[in-house]
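This report concerns only the one structure given below.
The values are calculated or read from the model by the stated rules, or taken from the named source; none is laboratory data. Here the structure is a predicted model, which means the values were calculated and not measured. Cβ placement follows ideal geometry from the backbone for every residue including glycine, while neighbour counts extend to all protein chains displayed.
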């Protein structure tokens, strides 16, 4: 527009000079100058009005024809208009392709604004979640998906783990919800139909449970005969062999027990009911059991227990999870080591931790510790009598209590396993007032 500015100046100077010259010839130079300036102003106002009328039409028509500076301006506006149309067409194409591709997905995709209102969703969301484009747009998500477990999951704001729930419109379908934050507090909700996967998983769980259950009877018979034989006077080589068989039979019984427990935990992601579990008494009982397990090894135990708060949940499941953490610390901490048990409450919720000053764990192993049968050192784990399922049981117990496990370990310095429970699972002890 550099040329246009000069053209306007030349136009102004030209009309002013013509008016001044004409006025001078007639003996009134000042009047001629004013007349030239008025003519120039009238021309600019006329062109400005033409521009305003064109802008107000908004019908996509071409800008008006003009010469000089205004012609340059209209030409530039015409080019901008064409670029805008091209850009708009390009963006419309992208939106159309996005809508077509999202409509082809079998997963429900829902965009939720920072006020928790429904902003957009694809066609599968209509089928899986029962959303209606004609009436639900702009409504709060909680008014449409009212399952208390989903409401708790949505409000907690931490979505590392997905949530599995039946579809609100078809209880025969099992959906897996995953939420991702983006933008200024907006959320993207993806709901996937995992009914077939869960049926396959259920088949696997049933097989493991049935096989484990069927193994109990022959193991009981084998152990019974072994105990009978070991009560008799036997040659030393035969006795040593029978003792090893008895040790392995006990280990197999522990494995079967853990497999049955893990299958039961996997059958549901949520506990059916929750009660105060008297966590202080539970920790003291586990402490006594751990001292018995560590007899003769010189382990020292330290308890740091908050006496003012209790934990809601299933006592048997939490005892199993906490005991696994504590007994692992006893097994893998060298003699004369220190093991600390802590229970404390803060604004983030309740926390139970088991710390030791043992050999520690390499960082590369930590992400896989809760996998079934994962072992850092096969020979060391076999010698300790572990089944390889302890931390998998801990993980599933915590998931059922809306909690999670964190592991902090330094090789050569020790490890800390911490169970983190949400605030709504912690209650004050009324009897302690």
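What to note about this one:
- When 345, 330, 354 are checked against the criterion of being under 18 Å from residue 283 (Cα atoms), part of a helix (DSSP H, G or I) and in contact with a strand residue (DSSP E or B) (Cβ under 8 Å, 6 or more places away or on another chain), a single residue qualifies: 330.
- So residue 31, is it in contact with a helix residue (DSSP H, G or I) (Cβ under 7 Å, 6 or more places away or on another chain), without any contact (Cβ under 8 Å) to a residue 12 or more places away in the chain and within 27 Å of residue 17 (Cβ to Cβ): yes
- Filtered residues of segment 133-160 (kept if in a loop (DSSP other than H, G, I, E, B), in contact with a strand residue (DSSP E or B) (Cβ under 7 Å, 6 or more places away or on another chain) and under 20 Å from residue 420 (Cα atoms)): 159
- Top-ranked residue in segment 35-60 [being surrounded by fewer than 16 Cβ atoms within 10 Å (Cβ to Cβ) and touching a helix residue (DSSP H, G or I) at 6+ places or on another chain (Cβ under 7 Å); ranked as nearest to residue 81 (Cα to Cα)]: 39
- Criterion (over 13 Å from residue 116 (Cβ atoms) and either at pLDDT 85 or above or not assigned by TED's automatic domain parsing to the domain that holds residue 347 (or both)) met by exactly one of 150, 182, 154: 182
- With respect to (1) in a helix (DSSP H, G or I); (2) more than 19 Å from residue 279 (Cα to Cα); (3) at pLDDT 85 or above, the lone exception for residue 399 is condition (2).
- Evaluation of residue 106 against the conditions (1) without any contact (Cβ under 8 Å) to a residue 12 or more places away in the chain; (2) loosely packed, with under 14 Cβ neighbours inside 10 Å shows that the sole unmet condition is (1).
- Counted residues, segment 58-113 - those being modelled with pLDDT of 75 or more, in contact with a strand residue (DSSP E or B) (Cβ under 9 Å, 6 or more places away or on another chain) and in a helix (DSSP H, G or I): 0
- Sole exception among (1) over 32 Å from the mean Cα position of the chain (by Cα); (2) farther than 29 Å from residue 247 by Cβ for residue 292, by number: (2)
- Going through (1) free of Cβ contacts under 8 Å to residues at least 40 places away in the same chain; (2) more than 29 Å from residue 194 (Cβ to Cβ) one by one, residue 143 falls short only on (2).
- If you go through segment 47-76 and pick out every residue that is within 22 Å of residue 10 (Cα to Cα) and under 49 Å from the mean Cα position of the chain (by Cα), you end up with 0.
- Annotation: residue 383 fulfils all but one of (1) part of a helix (DSSP H, G or I); (2) closer than 27 Å to residue 401 by Cβ; (3) modelled with pLDDT under 85; (4) more than 24 Å from the chain's Cα centre (by Cα); the unmet one is (2).
- Members of segment 410-425 found to be in a strand (DSSP E or B) and surrounded by fewer than 21 Cβ atoms within 10 Å (Cβ to Cβ), listed by number: 410, 416, 418, 420
- Residue 353 vs. criteria at pLDDT 80 or above, within 17 Å of residue 262 (Cβ to Cβ) and in contact with a helix residue (DSSP H, G or I) (Cβ under 9 Å, 6 or more places away or on another chain): no
- Being assigned by TED's automatic domain parsing to the domain that holds residue 260, surrounded by 12 or more Cβ atoms within 10 Å (Cβ to Cβ) and closer than 30 Å to residue 154 by Cβ is a description that applies to residue 205.
- One residue alone among 271, 359, 376 is over 20 Å from residue 394 (Cα atoms), at pLDDT below 85 and assigned to a loop (DSSP other than H, G, I, E, B), and that residue is 359.
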